[in-house]
Every structure is written in C-alpha cells, then in structure tokens.
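Chemist: Dropping a structure here in structure tokens format, bear with me for questions.
The values are calculated or read from the model by the stated rules, or taken from the named source; none is laboratory data. All values reported here derive from a predicted model rather than from experimental measurement. For neighbour counting, all protein chains shown are included, and Cβ atoms are generated from backbone atoms with ideal geometry for every residue, glycine included.
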Amino acid sequence: MSLPPAKLSNGRSFFEGCAWFQGKGWRRQGREKTAAAMASRPVRFPEIDDELRKIINANMDEVPARKRAREAFKDIQLGIDHILFKTPCDGLKMEESYEVNSRGLEIFTKSWLPKSSSPKAMVCFCHGYGDTCTFFVEGIARKMASSGYGFFAMDYPGYGLSEGLHGYIPSFDRLVDDVIEHYSKVKEKPEFRTLPSFLFGESLGGAVALKVHLKQPNAWNGGILVAPMCKIADDMTPPWLVTQMLIGVANLLPKHKLVPQKDLAEAAFRDPKNRKLAAYNVIAYKDKPRLKTALEMLRTTQEIERRLEEVSLPLLILHGEADTVTDPSVSKALHEKACCSDKKLKLYKDAYHALLEGEPDEMIIQVFNDIISWLDERSRETNTC
C-alpha cells in the first residue's frame, strides 16, 4: 500500500499540510501543532505485549530497527483478516534476499513464483512513498503468482528493509537507477531471459515505473500503474519563489523533516475495516517528509509532466474516481498524451486511493481481475510473436 505525502487534487497542496506548497510560508505551523501531536502518537495494538510495543515504537531511522520490527510482526501481519492474505500460498515458491548493489547499499528483495509451472511473464513491482515490499505487497504478490506470474519486488534504499536513512531520497534518479540495476539482473537470469516483462507501480511507484521506462524505452513489454503520482495539476504547481525557498532550505538541511501531515490512511482507505489494518504496516515511513525527499518528488513529477508524450510502452492505468491522495485527472492526462497506441484507463466509481488494499473486497477483486486479464492478453501476444 502506498501513502505518499501528496495530495494532487482540488487545489490542495502537493504535500498534505505543508505550508511551503500553499504559498503561505511558515504561518500555518502554529495551527498544525495538533496534527503534529496526532502524527507522533505511537501506534496502538491492544492485543500485543509491552515488548512488541517497544519494538514498533522504537526509532526506525536505521535499518536494524526496521528489521527487528518486521521479524517481530511478520506472522501477525500475515494473519490479519484481509482479503489479500486469503490467497493460498501452498503452490508458490517465495524467496527473500539481501543484495549489495553497485553503490554499496544492501537492498532487500523478494520474489514469488508458481511452484509447478513456468511463469507466463515477469511483473516487477515499484512500491509507493513510505512503503515496503513486505506486508500488503505480500498479498498482492500471492495473487499475481497464483495467477501464473513471476512477481518481483524490492525496497528502495532508505525504505523497508533496505539500507539507508528512513524516508530519505537524496536523488530520485539514483533511486531509479537502483531499481533498474536490480530488475536488469533478474531479467538476465536464464530462466527468465525469454519471458515478457512488465512494470507495476503504485502511487509514487508509478512515477518510479515511468522513470524506469523513460530511461529504458525498449526494455519492457508494458506497464501497470495504480493511482500513479505522475504529474502535478496546473493549479497546484508551487510558485517559482516558493520552489526556490524549498531548494535553499533543502540544500542546508536535506534530511530535516517538513511540517506535519495528517494520517493519510483516512484518505486512502475507503473500507473502515481495512483502514484499521493499515496500522500493521509497522515499518512503513509514517513521519513528516524530509526536505530533500520532498524536493526530489516535486522535481520528478514536474519532469514526468513534461515528458508524458514520450511514454511509449503499453499501459494499463487504474484510478479511483474518489481518490484525494493522487488526482484521477493526472491519469486521464497520461492516458491522453502517452504516444503508445495500446493504452487503457480504468476509473472506479467511488473508489479511493488504495485500490488493492483499502477498498471493499468486491472492488479489490474487480481491480485484480482487470489487471490479470490485461496481463494475460499481452503475455499471450508477446509469447506468440
């Protein structure tokens, strides 16, 4: 599940609650003290003991604390009452690993494959802001692998179980290069080399997937974008002076955190039961966005907005019509401007941002069916050629 610190609709600020992006300077900070207090409250699980509570309330800036939290909660997470975890995994082969990349960073990766047959294609996942390829992604991966696909995922540096300061993106381009490096290695393995390959990006992961494609225009057979954060609406672009202020402050204090944002689970999850379960994503980054991260996200979405016409791979774009975290109109713009002829936009009435995690069960099933149907058709076409 992705909960980006972004609200790209109705003239709201790019970063929820962030004074810089509403052109009002620092004046709103006083009014946001209440929100800050709410955001800093430790997560409460009435059924866990004091030892587990200490683990999840610990400072998770560095990866060892995140690894402890994930290990302590792994079984609890997979046992929650959510439709994603009701897909049987007996017929699946799962593998976790840590790999040191070319920049010397230890990256957490995971794969899910059908056990008794060769996969129809490779699906390479890009997670959203603050998220991880564990927890909800585990359920998404089970569904995809049980439908015959090889599903591959990684935590970006600074997120989940990968090395790096939590929630810190010093360079979006380097992050994209890290993603390309890992998935290129996977695609080069003999057992996968001849398979069609698809990118799958959720929210901010949609921006990552599009950047991967723009850097590798001929390397992929298609892309699936769920509620993608791929451009900023015209009426929400920060004024030039505000952007320059952010750049100046970020250069001085790149790791410093911005003013508070509210808990976006309320905005992203439509189903009340599933909204409560979002708290179990214990290693997600839920704090205030860091200055450099905010700047890199802004720059990236501005770049993608300028380059929508260059998007040339087959596309399936899915968005909830009631999404207030990322604006459905930007998905419409991508669908309209992308130069590919094979492109499809699916808008879901009344649905919120977290289409695969936060909707009622029947909507989650419908979205999955749409994704798998699209993949089946393109995988058959590619394998026939």
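Here's the yes/no breakdown for (1) touching a helix residue (DSSP H, G or I) at 6+ places or on another chain (Cβ under 6 Å); (2) farther than 14 Å from PHE125 by Cβ; (3) assigned to a helix (DSSP H, G or I):
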{"residue": "ARG174", "(1), (2), (3)": "no, yes, yes"}
{"residue": "PHE192", "(1), (2), (3)": "no, yes, no"}
{"residue": "PHE198", "(1), (2), (3)": "no, no, no"}
{"residue": "GLY223", "(1), (2), (3)": "yes, no, no"}
{"residue": "PRO228", "(1), (2), (3)": "yes, no, no"}
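Chemist: If you don't mind, another one. Quick one: what pairs do we get from the range 349-378, first residue of a type in the set (S, T, N, Q), second surrounded by 16 or more Cβ atoms within 10 Å (Cβ to Cβ), C-beta under 9 Å, 6+ apart or different chains?
Modeler: The qualifying pairs are GLN366/TYR348; GLN366/GLU359.
Chemist: Now for a different question. Go through VAL325, VAL311 for me and flag whichever is in contact (Cβ under 8 Å) with a residue 60 or more places away in the chain, within 30 Å of LEU252 (Cβ to Cβ) and buried (at least 20 other Cβ atoms within 10 Å of the Cβ).
Modeler: Only one candidate qualifies: VAL325.
Chemist: Ok, one more. Would you confirm, using the coordinates I've provided, whether LYS187 is in contact with a helix residue (DSSP H, G or I) (Cβ under 8 Å, 6 or more places away or on another chain), basic (Lys, Arg) and either crowded, with 20+ Cβ neighbours inside 10 Å or in contact (Cβ under 8 Å) with a residue 40 or more places away in the chain (or both)?
Modeler: Taking the combined requirement at face value, the residue does not satisfy it.
Chemist: Restricting the range 64-87 to residues that are in contact with a Phe, Trp or Tyr (Cβ under 9 Å, 6 or more places away or on another chain) and in a loop (DSSP other than H, G, I, E, B), which is surrounded by the fewest Cβ atoms within 10 Å (Cβ to Cβ)?
Modeler: GLY79
Chemist: I would also like to ask the following. Give me a count of the residues in the range 289-324 that are part of a loop (DSSP other than H, G, I, E, B), more than 17 Å from THR132 (Cα to Cα) and within 17 Å of the chain's Cα centre (by Cα).
Modeler: The number of residues fulfilling the criteria is 2.
Chemist: Residue check: is ALA338 within 19 Å of the chain's Cα centre (by Cα), aliphatic (A, V, I, L, M) and modelled with pLDDT of 95 or more?
Modeler: no
Chemist: If you take just the strands (runs of 3 or more DSSP E) that sit entirely in the range 88-154, which of them hold at least 3 residues that are of a type outside the set (A, V, I, L, M, F, W, C) and at pLDDT 95 or above?
Modeler: Those strands (runs of 3 or more DSSP E) span 92-100, 106-114.
Chemist: Quick one: would you say GLN244 is modelled with pLDDT of 85 or more and of a type in the set (S, T, N, Q)?
Modeler: So GLN244 does not fit the description; no.
Chemist: When you go through GLU377, GLU336, GLU357 one by one, which is the residue that is buried (at least 22 other Cβ atoms within 10 Å of the Cβ) and out of contact with any Ser or Thr (no Cβ under 8 Å at 6 or more places or on another chain)?
Modeler: Of GLU377, GLU336, GLU357, the one residue that is buried (at least 22 other Cβ atoms within 10 Å of the Cβ) and out of contact with any Ser or Thr (no Cβ under 8 Å at 6 or more places or on another chain) is GLU357.
Chemist: Then there's this: So ALA19 ticks every box in (1) surrounded by 16 or more Cβ atoms within 10 Å (Cβ to Cβ); (2) at pLDDT 90 or above but one. Which box is left unticked?
Modeler: (2)
Chemist: Continuing with this model, one more query. For residues that are more than 21 Å from LEU84 (Cβ to Cβ) and touching a helix residue (DSSP H, G or I) at 6+ places or on another chain (Cβ under 8 Å), tally how many sit in the range 313-329.
Modeler: 6
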